[in-house]
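Let me begin by presenting the structure, written as structure tokens, before commenting on it.
The values are calculated or read from the model by the stated rules, or taken from the named source; none is laboratory data. Being a predicted model, the structure only gives us computed values, none of them experimental. Quick reminder, even Gly has a Cβ in these numbers, built from the backbone with ideal geometry, and neighbours come from all protein chains shown. Each accessible area value is taken on the protein alone, full model and side chains, heavy atoms only, with ligands, DNA and RNA left out. Shrake-Rupley method; radii C 1.70, N 1.55, O 1.52, S 1.80 Å.
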Amino acid sequence: MHLLGGLKALEALAYFEKLLVPGRNTDYITETMPAILAAHGPGALESLKRIAANRDAEKYNRNAGVRALCLIAYRHPELKPEVVEFLRDLFGQTVQEGDDEFLEVISDDIAGLKDPLAMEDIRRAVKEGLPCESFFSWQSLEEIYSS
């Protein structure tokens, strides 16, 4: 998997999409998966969006797609607006669905992009009852934005 990322083998992304689905024990790869996926570069955006948006997949597998998108946004600042827009939409849909577990997992990743509108989305979700202390604290999000 690392070699495929290093080679930027975009044709391998279909395999990764199939790997990160429910019923597969992927605990052993979720720690390094965001870096592997992001190594494919900007050409991987659509595949990563599908991974992140796959509501049938485990939250940590979906989060691998979110983190990979964030890594690409860091490495390719010209893509940051597109990534932020996608993640804000995903965040909003997830709030409407009431999937607090996924929201908790992705909130710090979204905050790391330091987009003011995304921070307002998170702030609004917390006011509406997002239980934020399980995976992150409000103070840690404020620190991310101020650093």
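Given the structure, is L48 touching a His at 6+ places or on another chain (Cβ under 9 Å), touching a residue at least 12 places away in the same chain (Cβ under 8 Å) and open to solvent by 70 Å² or more (accessible area, probe 1.4 Å)? Judged against the criteria, L48 is not a match. For segment 76-92, a residue qualifies if it is open to solvent by 50 Å² or more (accessible area, probe 1.4 Å) and either over 21 Å from P116 (Cβ atoms) or assigned to a helix (DSSP H, G or I) (or both), and the qualifying residues are P77, E78, K80, P81, E82, E85, R88, D89. Just give me the residues in segment 109-128 being among the basic types (K, R) and farther than 16 Å from D89 by Cβ, in sequence order. Within segment 109-128, K114, R123, K127 meet the criteria.
Taking the criterion of being acidic (D, E) and within 13 Å of the chain's Cα centre (by Cα), the residues of segment 83-100 that qualify are E85, D89. Filtering segment 53-70 to residues that are of a type in the set (A, V, I, L, M) and either buried (at least 24 other Cβ atoms within 10 Å of the Cβ) or not in a helix (DSSP H, G or I) (or both) leaves A57, A64, V66, A68, L69.
Out of A73, A125, one residue alone is out of contact with any Gly (no Cβ under 7 Å at 6 or more places or on another chain), crowded, with 18+ Cβ neighbours inside 10 Å and at pLDDT 90 or above. It is A73.
Is there a residue being at pLDDT 90 or above and either touching a helix residue (DSSP H, G or I) at 6+ places or on another chain (Cβ under 9 Å) or under 22 Å from E31 (Cβ atoms) (or both) anywhere in segment 94-113? Checked segment 94-113: no residue is at pLDDT 90 or above and either touching a helix residue (DSSP H, G or I) at 6+ places or on another chain (Cβ under 9 Å) or under 22 Å from E31 (Cβ atoms) (or both). Of the set (1) more than 29 Å from L7 (Cα to Cα); (2) at pLDDT below 85, all apply to T32 but (1). For segment 62-82, a tally of residues being without any contact (Cβ under 8 Å) to a residue 40 or more places away in the chain and more than 10 Å from the chain's Cα centre (by Cα) returns 10.
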